[in-house]
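The values are calculated or read from the model by the stated rules, or taken from the named source; none is laboratory data. All values reported here derive from a predicted model rather than from experimental measurement. In this analysis, Cβ positions are derived from the backbone assuming ideal geometry, glycine residues included, and neighbour counts consider all displayed protein chains.
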Amino acid sequence: TRGFDRNHEVRGFIGDPFEIQTLLPVSYNKIVTDSGIYRIPATGNYSTALFQCQISLDDSGRRILKLRGIMSGRLTRLYFLSHLDLIPITLFFFNDNKWSDTSYGTFDPTYSTPIARKVPRNATVVLQCLINGWSPAFSLYTSINKTLYFSTTRLGYTWENKTADFPHIRSVEHAYNGNRLINITVTKNESIDYYTCNRDYYWLTHVIYWDETESVNLGMIAGIVVGIICGVLLIIFCSLSIWRFIHKPTDGKPKDTERFF
């Protein structure tokens with residue numbers, strides 16, 4: 001059994017058992033998969049031939065998802081959707097350890113992994129979504145409330161661009177190179193941030209868990225190392241100077257120890 005903590009992509013061979021445990025930000029009432037739409041009962045427990053879903057609250061009141069099942073070519077994606085139109089949570093299954101669905105207009109999550117990630121709080125993160133085919137029309141959302149901040153038309157023109165209202169969204173870029181690749185550059189907003197790419201009925205939500213630690217710049221590390229080395233050399237030089245001064249002869253003749261310097 002493969003066990004994952006907060007990972008939203010599952011890799012394994014067809015027929016292998018899998019197990020996922022992750023956090024859900026809101027209450028969801030619907031699961032969408034390749035084969036259909038399923039209603040989640042109030043108990044949070046639901047089973048199909050391919051997976052068993054259990055949603056419960058932990059001691060801190062967080063919603064915990066436990067999902068178990070068997071890797072299958074009939075299960076490549078799984079969306080958790082809310083009737084309140086809140087941010088969806090998306091899981092992707094890499095059967096035989098590779099992504100298999102390259103249908104026109106679908107997302108290829110290979111470019112988006114890790115879909116859920118933990119990074120230092122002062123880091124700048126570049127998120128990617130790749131849409132198979134030309135398909136220029138897409139929408140981008142953020143926050144639990146699924147707030148739209150960028151969208152394009154079917155002709156490829158920008159329809160909505162509200163990134164100026166979100167200082168933590170540094171830039172949105174998209175280009176066609178045989179497929180539609182979207183790059184989103186972001187910094188920390190909440191302790192957990194959500195960024196969703198949408199194209200028609202297809203969804204992909206990145207989850208960023210911001211760590212309390214800060215990343216250290218390589219230039220800063222180099223500067224610290226150089227400073228330590230210079231400090232050590234200065235101490236050695238001063239120590240030798242003091243030693244020579246203490247052992248300097250008073251009769252004008254050099255001592256044997258002085259010949260070594």
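Annotations
- Of the criteria (1) modelled with pLDDT of 95 or more; (2) under 30 Å from residue 213 (Cβ atoms); (3) of a type in the set (S, T, N, Q), which one residue 95 fails: (2)
- The set of residues in region 108-159 that are touching a residue at least 24 places away in the same chain (Cβ under 8 Å), over 21 Å from residue 25 (Cα atoms) and over 19 Å from the mean Cα position of the chain (by Cα) comprises 132, 133, 134, 135, 136, 137, 138.
- Cβ-Cβ distances below 9 Å connect the following pairs, each with a first residue in region 21-39 that is within 13 Å of residue 61 (Cβ to Cβ) and in contact (Cβ under 8 Å) with a residue 40 or more places away in the chain, a second residue that is hydroxyl-bearing (Ser, Thr, Tyr) and outside any strand (DSSP E or B), and a separation of six or more residues or different chains: 26/82; 27/82.
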